Every structure is written in C-alpha cells, then in structure tokens.
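Each reported figure results from applying straightforward, stated rules to the coordinates on display, with no laboratory input. As the structure is a prediction and not an experimental result, all values here were calculated from the model. Quick reminder, even Gly has a Cβ in these numbers, built from the backbone with ideal geometry, and neighbours come from all protein chains shown.
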Amino acid sequence: MKRISLIIIILSCVLFTACKSKIDKLNAQADEAINSVLNNYDYAGLAVAVVCENEIVYSNEFGLKNVETQEKISKDNLFRIASISKTFTSTAIMQLYEQGKFSLEDDISDALGYSVRNPRFPDAKITYKMLLSHTSSLSDAEGYFDYDILKPEINPNYANAYWDYAPGEKYNYCNLGFNLLGALVEIHSGLRFDVYMRQNLLVPLGIIDAGFNIDSLDNSKFAKIYTRQDSVWVESTDAYKSRSAEMENYTLGKNAVLFSPTGGMKISAVNLAKWMLCRMNYGKLDAAQIISEETSKLMYTVVEPTNGASSYGLGIVISKDLVEGDTLIGHTGGAYGLTSAMFFNPDKKFGVVMMTNGISPKNGQNKIIPDIVNAMYKVFVKK
C-alpha cells in the first residue's frame, strides 16, 4: 500500500509539473503576442485576462497606471470600463423580470410615471425589450444624463431625443435607454442603483472591490484615464468624478444617472473575468446563480442586426466578425480615452477581457480590441 501511495504521489507531482510547464509556456506566448500588438500603439496602460475551461488562465498588466508618477499598473487596479457596464445593468433588469416585476413588452411609461413617447408615433409604446436592444427610437441627441430631456413641459426640444422611425423598427445605439433602465432598476427593486448592483450581482459572485459608485471605492486603485493630445497624455479627470454632493437629495427613479448605468462600472481585469465566467456559464459562477440559464439564452438571442456581421441581443453584442469563423458574445466600451472589451464563446469555454486607460494607434485606425482578442484566441484556442 505504501508503494502504491508513493507511486500516486510521484505521478501527481509529474502531472502537476507538466501542467504548470504548459501554462507557463502559454503565458509566455500570450505576453509575446500582446507586446507584438502594442508595438503598433502608443498606450498609457493595458490589462488583459483570459479564461479557458472555466478558469482564469492568464492575466497581466502592461504600462502605466499613472503617467505623471510612472507608477505601473497592478492586478488590483480598477478601470472604468464604459459600455461593458451595460452587461451589468441589463442583467439587473432581467433579474427583476424573472421576479415577475414586469413583462419585456410592457410600456416603460407605466413604471416611470411619465410619458416616454416618440412624438412622431404617439400611439407606439416603448418597452423594456426595446431599451435593452437599442430599438426604442430614443436618441442621445439631447444628451443622456438627465431624464428631464424627455419631458416636453421641461425641454422644448424633447422631440430631438427621438429618431424619425417608429419604436421597434430599427437599431440605433442609445446610452439614454440604458440610463433609463437604471431608473427602472430602482423603481422595481426599491433600492438605489449602486446598492442593488452590489447586493445582487457583485457580492454573490465574490466581486467585492468593484462598483458603480465612485465614492464607495478606493480611489488610490483607479488607473488614471488619458487621451493623447499633441503627443502628450492628458488626464481625463471626469472619468472618476465624485458624485457625493449631488447625492444629498437623492430620489429613487430620478437620480440613477449619477452612477451612469450605461457606462459607470469600475472594476479590475481579473474581476471582470469573473463576471465573464458567470455570463459564459449562463448566469452561474460556483454556487451562485444570479439569473437562470433560460434568461441568459434569451439575452444572447439576436433582436436586431447592427452593422456587418454583428448583432445585438438584450444588453449584449453577438459578433461574427471579431474572430474569423467564430461567434463571440460580449461588449465593447469607449469613453474619456479608455477602450475596453469583454468577449467569450460559451461552447469553447474561452473568453478575453482587456482594458486600456489610454490608447493611440501609431499609424491608422485603432484596432486594439480585435488585435488583442485575436492574439489571445490564437494562443489559447488555436494552439
């Protein structure tokens, strides 16, 4: 028996060493591939994480958290991720849908308590599904950080907040629609938007150091965000602006825009990879099931084609042109100078997240998202 136990231990050690050697080799290949991509860009900083077979198999950081002090990015640094935030907001609203708070075909005006109607089509209701899929006919032309722009008694130009087609007829990306979903999360849950997100999405998944509320996070961990101006990196200070003063007279259903449900999540690359694992596994991560598999698949169902080979579901992009010959699900983000992406394939159990805090192509178009996604795909999937 002792001899058999010894053999088992030796075999286990050999397998562990071989496995670690393989992972080390792939990680070195990933580093090399990313550095090759970055040769084509001027960048402040970049963080990348890769998931394979339900595990985070790679994560690394490149460049600077703070250009002025030359402090490098570390694993626990938080980035604002812009529109990837929509995957959180849409999941929250779908949790409430699962609780029977509303139907996806319901008129949002009923819950909001004021009429949201395209004046060119006054009899056509705007639904939850339309907001989630960017088919509501709402436009960002009047801005998207003030719900009052939709009220004719307050905004004489409210008609500009709508396109000239009927609700449900076409796709047009709209941040205002997702900020309205933030108000609807508050109305149906009775909780402030950031509190709901923390209690019902983040904490159940073990994601503690992240959130929509700037003032609840450790601002020393924020990766400063920059734009390139005349060969100089200029900090975008509004990306992490405190909202504490504006929250003194907070009213549920009226002030959710302060958290930017459309783009205000702050999170590290590794924690975003955990979120991606949950979405990849249809709402489940370890013992936590935050939405059902059925609802997850509904969210991944195409509602309306967008451009080229990409389509939009409910708060999610379904892309057939990001990686040739494959379909990836996820979202991109861009604001203040940052660029971010989260894409995955549930069948291949592969996914990648990347976030920059400042990126500028040395020559031509900014293709950092497909460049990084394809580089990681080749290392970890087509190996």
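Which of the lysines could be linked to Lys362 by a straight reach, that is with a Cα gap under 23 Å, when you skip same-chain ones fewer than 8 residues away?
In chain and number order, the partners are Lys65, Lys72, Lys224.
Hey, which aspartates and glutamates would be in cross-link range of Lys297, C-alpha to C-alpha under 14 Å, not counting anything within fewer than 8 residues on its own chain?
Excluding near neighbours in sequence, the set is Glu98, Asp347.
Counting other Cβ atoms within 10 Å, keep those with at most 14, restrict to DSSP loop, and tell me which GluC sites (Glu not before Pro) in segment 90-153 are left.
Here the GluC sites (Glu not before Pro) that fit, given the DSSP loop and packing criteria, are Glu105, Glu153.
What list of ³J(HN,Hα) couplings, whole Hz, do you get for segment 62-68 from phi and the Karplus terms 6.51, -1.76, 1.60, once you set θ to phi - 60° and write x for glycine and proline?
With the stated coefficients, segment 62-68 comes to 9, x, 10, 6, 9, 5, 5 Hz.
Mind giving me the FRET efficiency for Gln199 and Tyr165? R0 is 35 Å, r the Cβ-Cβ distance, nearest 0.05 is fine.
After rounding, the FRET efficiency stands at 0.35.
In degrees between 0 and 90, to the nearest 10, how far off the longest principal axis of the chain does helix 85-98 point, with axes built from Cα atoms?
70
With label points built 7 Å along Cα→Cβ from the Cα atoms of Asp76 and Asp24, find their separation and express it in nm.
Once both label points are built, they end up 2.7 nm from each other.
Please give me, ordered by residue number, the chymotrypsin sites (Phe, Trp or Tyr not before Pro) of segment 185-259 that lie in loop per DSSP and have at most 15 other Cβ atoms within 10 Å.
Tyr250
Where is the GNM fluctuation largest for the chain (alpha-carbon springs, 10 angstrom cutoff): Thr69, Thr295, Thr251?
Comparing Thr69, Thr295, Thr251 in a Gaussian network model of the chain, the most mobile one is Thr69.
Which entry in [x] 34.8, 118; [y] 21.9, 86; [z] 21.2, 64 is this structure's computed Rg and Dmax of the Cα atoms in Å?
Correct label, based on the coordinates given: [y].
Out of residues 5 or more away from Asp42 or on other chains, whose amide H comes under 5 Å of its own, with H placed 1.01 Å from N in the peptide plane?
Placed amide hydrogens put Ser360, Lys362 under 5 Å from Asp42.
Percentage of Cα-Cα pair distances in segment 22-146 greater than 23 Å, rounded to whole percent?
The share of Cα pairs beyond 23 Å in segment 22-146 comes to 56 percent.
With axes computed from alpha carbons, what is the tilt in degrees of helix 175-189 against the longest principal axis of the chain, rounded to the nearest 10 within 0 to 90?
90
Taking 0.36 nm per intervening residue step and subtracting the Cα-Cα distance, what contour gain separates Ser231 from Lys367 on full extension?
47.0 nm
For the chain, modelled as a GNM with alpha-carbon contacts under 10 angstrom, which of Val51, Val352, Val37 fluctuates the most?
Largest GNM mean-square fluctuation: Val37.
GNM, the chain, Cα, under 10 Å: largest mean-square fluctuation among Lys284, Lys101, Lys274?
Evaluated over the chain, the most mobile residue of the options is Lys101.
Under 24 Å between alpha carbons, and skipping anything fewer than 8 positions from Lys382 in its own chain: which lysines qualify?
Those lysines meeting the cut-off are Lys20, Lys22, Lys25, Lys274, Lys320, Lys348, Lys349, Lys367.
Per-residue counts of other Cβ atoms within 10 Å, averaged by peptide: what ranking do you get for 83-96, 317-330, highest first?
83-96, 317-330
Would you mind calculating the gained length between Leu104 and Asp42 on full extension (0.36 nm times residue separation, minus the Cα-Cα distance), in nm to one decimal?
Stretched fully, the Leu104-Asp42 segment lengthens by 17.9 nm.
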